[in-house]
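First comes the structure, then the notes that go with it.
The values are calculated or read from the model by the stated rules, or taken from the named source; none is laboratory data. Just so you know, these numbers come straight off a predicted model, no measurement behind them. For neighbour counting, all protein chains shown are included, and Cβ atoms are generated from backbone atoms with ideal geometry for every residue, glycine included. Surface areas here come from the heavy atoms of the whole protein model, side chains and all, with no ligands, DNA or RNA. Shrake-Rupley method; radii C 1.70, N 1.55, O 1.52, S 1.80 Å.
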Amino acid sequence: MKHIKKLNFLVLVFTLMAPIFFVSCATEQEVITKDIAEKKLYDQAQRRLKSNNYVSAILTLETLEKRFPFGKYAEQAQIELVYAYYKSVNYEQAILAAERFISLQPRHHNVD
């Protein structure tokens, strides 16, 4: 009888501790991905564009643009978003991204 109570107690403890352990691991990974540098995000987007993974490239480019709106790669990310939307057959978003780029960078040499 004593062993059954110990076993029940251990099962209860494990059941309560397992979700806490998994949540803490997930939180650690999120912190790591939130701290990705601008260059790494840009390189990741380039790899995804080259491998024709346009949906993932869009997510990466949008993240890059949101985290570093005045960064070194912000303008290029805006241009590549137009391309990625177009290649992913999301023409409406491509047009909106192009119009946004033109309104933000009217004198950019790639506006045409």
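If the condition is being surrounded by fewer than 21 Cβ atoms within 10 Å (Cβ to Cβ) and assigned to a helix (DSSP H, G or I), then the range 66-92 contributes 66, 67, 74, 75, 76, 79, 83, 86, 87, 91, 92.
Here is the figure for the range 94-112: residues that are open to solvent by less than 70 Å² (accessible area, probe 1.4 Å) and outside any loop (DSSP other than H, G, I, E, B) total 4. Remark: pairs (first residue in the range 94-111, over 19 Å from residue 54 (Cβ atoms); second residue assigned to a loop (DSSP other than H, G, I, E, B) and open to solvent by 40 Å² or more (accessible area, probe 1.4 Å); Cβ separation under 6 Å; 6+ apart in sequence or on different chains) = 102/111.
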